[in-house]
1. For a test of the definition: using alpha carbon positions, the gyration tensor, and the 1.5 limit on a/c, classify the range A:84-136 as rounded, prolate or oblate.
2. May I ask you to compute the full-extension gain from A:Gln64 to A:Leu119, defined as 0.36 nm times their residue separation minus their alpha-carbon distance, rounded to one decimal in nm?
3. Give me the number: length gained by fully extending B:Met4 to B:Ile101, i.e. 0.36 nm times residue separation minus the C-alpha to C-alpha distance, one decimal in nm.
4. Please list the three semi-axes, largest first and in whole Å, of the ellipsoid equivalent to the range B:2-102, using sqrt of 5 times the eigenvalues of its alpha carbon gyration tensor.
5. How large is the dipole of chain B about the Cα centre if only Lys and Arg carry +1 and Asp and Glu carry -1, each at its Cβ, rounded to the nearest 20 debye?
6. Cut-off 10 angstrom, C-alpha nodes, Gaussian network model of chain B. Which of B:Leu58, B:Leu41, B:Leu83 fluctuates the most?
7. Among B:Phe70, B:Leu7, B:Met88, whose Cα sits farthest toward the positive end of the charge dipole of chain B (+1 at Cβ of Lys/Arg, -1 at Cβ of Asp/Glu, about the Cα centre)?
8. Mind giving me the FRET efficiency for B:Asn80 and A:Met46? R0 is 35 Å, r the Cβ-Cβ distance, nearest 0.05 is fine.
Amino acid sequence: MPTITQSSSQDIQFRAAQLPVQVTGMQAMASKMWAPFIAMGFMIVMAAFIFGLVNSSISSDYYQFSKETREAAAADSNLATQKAFIGSTKAWLPSFKSLGMGMILGGVTFLLATILGALRTGGAGVQEALGGYRLG
Amino acid sequence: MAMMTVLVATIAWLVISVVWTNDYYAFSKGARDGAEAGSVLLANFASIQSTKAWVMPLEVLGLSIFLLAFGFAFANILHNVRLRGNTMAAVMPALKARKNISS
């Protein structure tokens, strides 16, 4: 029977090594990865929003000029650089946002796998406490 | 907060479509293309383009806040599953012993 420890948050917890049944490899990986995935995904979405604001500001400057002036802009001029920035940002920003959303969804999936692992080890702990058979 | 962000984005889309785009495309293509710098028509066009640039990322940000909240909710579920499992495992020997004494 594993010993129990009392954490500062008043929760009674087993240390992972003391558990009678260990989580699967996938669940162990998921339990390490869910927090970084969610954090990184949210940071990517925040960065995409900030890039959107910058793009908005540059678009606002660019479209102050008449169409004739914009289309007559020489290469390497300020207007041409602004147009290039607006065009290139339009190309990569949507994919970047999707990457961020995908990472958050991936993190939530990992979190669900971690919950499965907790149910597995928790159930095994109860079974062990009842004197039942070890499962894994 | 997520819902408010999505609502703000929706209102911004409505403003773009109903107010600015309606006004802008009411003019002929010749008038639109020939608009001088500083004219109301060009200011309208600039507003449409600049607002479009930030409103979509804002909408995605709102949706990601929803997902983040799901993450927090699941993390809370995980915490409770662990807590309940460990508590059950901790009290089970005592319950078993009590049952053995009574029977």
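1. On the way: a/c = 11.00, a/b = 7.68, b/c = 1.43.
Prolate, because a/c is 1.5 or more and a/b exceeds b/c.
2. Values: separation 55, 0.36 × 55 = 19.80 nm, distance 5.98 nm.
So the chain would gain 13.8 nm between A:Gln64 and A:Leu119.
3. Values: separation 97, 0.36 × 97 = 34.92 nm, distance 5.90 nm.
Stretched out fully, the B:Met4 to B:Ile101 stretch lengthens by 29.0 nm.
4. Numbers: eigenvalues 804, 18, 9 Å².
Over the Cα atoms of the range B:2-102, the semi-axes work out to 63, 10, 7 Å.
5. Working: 8 positive and 4 negative charges, 235 e Å.
Once rounded to the nearest 20, the dipole reads 1120 debye.
6. The residue with the greatest mean-square fluctuation here is B:Leu83.
7. Of the candidates, B:Met88 comes out farthest on the positive side.
8. Working: r = 29 Å, r/R0 = 0.83.
In this case the efficiency is close to 0.75.
No value in this document is a laboratory result; all are computed from the given coordinates. On a predicted model such as this, the values are computed, not experimentally measured, just so you know. Ideal geometry is used to build each Cβ from the backbone, glycine not excepted, and the neighbour counts take in all protein chains shown.
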